[in-house]
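As structure tokens, the structure follows; a few thoughts come after it.
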Amino acid sequence: MSKNNHAFDLTPEEKSAIRTLRALEKKWPPSLWLFSASGTLCVMRCKDGEHAMKPLDNSNNGGGVDPDFIVNTINIPNDGGDW
């Protein structure tokens, strides 16, 4: 299990949740990826082996993740922001 710089005393439930995610990581199919959309965790299908993105048009409209490739949403709190 990966360690971080903080010393947290995790509950058994928290440890179990992390073990579950680690197990899922080992069997996650390459045809799917996760995207955090304003706190909604979306399971996305890849397009041609890549993250499904909308093309930019000449007026700089479009671009970004293509929501047509959402296959499900997961109710786990998340944030897609950067550090």
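Read the figures in this text as sums done on the coordinates, not as results from a lab. Please read all numbers here as calculations on a predicted model, not as lab measurements. Note that each Cβ is placed from the backbone with ideal geometry, even for glycine, and that neighbours are counted across all protein chains shown.
Axis of helix 12-27 versus longest Cα principal axis of the chain: the two differ by about 50°, to the nearest ten degrees.
Take the alpha-carbon positions of the chain, form their convex hull, and give its projected area averaged over all directions (one quarter of the hull surface) in nm². About 7.5 nm², averaged over all directions. When Rg and Dmax are taken over the Cα atoms of the range 30-78, they come to 11.7, 37 Å. Only helices enter this figure: runs of n ≥ 4 DSSP H residues, each worth -39500 (n - 2.57), summed and divided by the residues of the chain, yield -6500 deg cm²/dmol at 222 nm to the nearest 500.
Label-to-label distance, ASP79 versus ARG19, with points set 7 angstrom from Cα along the beta-carbon direction: 2.9 nm.
For LYS47, a cut-off of 19 angstrom between C-alpha atoms picks up these aspartates and glutamates, skipping any fewer than 8 places away in its own chain: ASP57, ASP66, ASP68. When you restrict to C-alpha pairs under 8 Å that are six or more residues apart and normalise by the size of the chain, the relative contact order lands at 26 percent.
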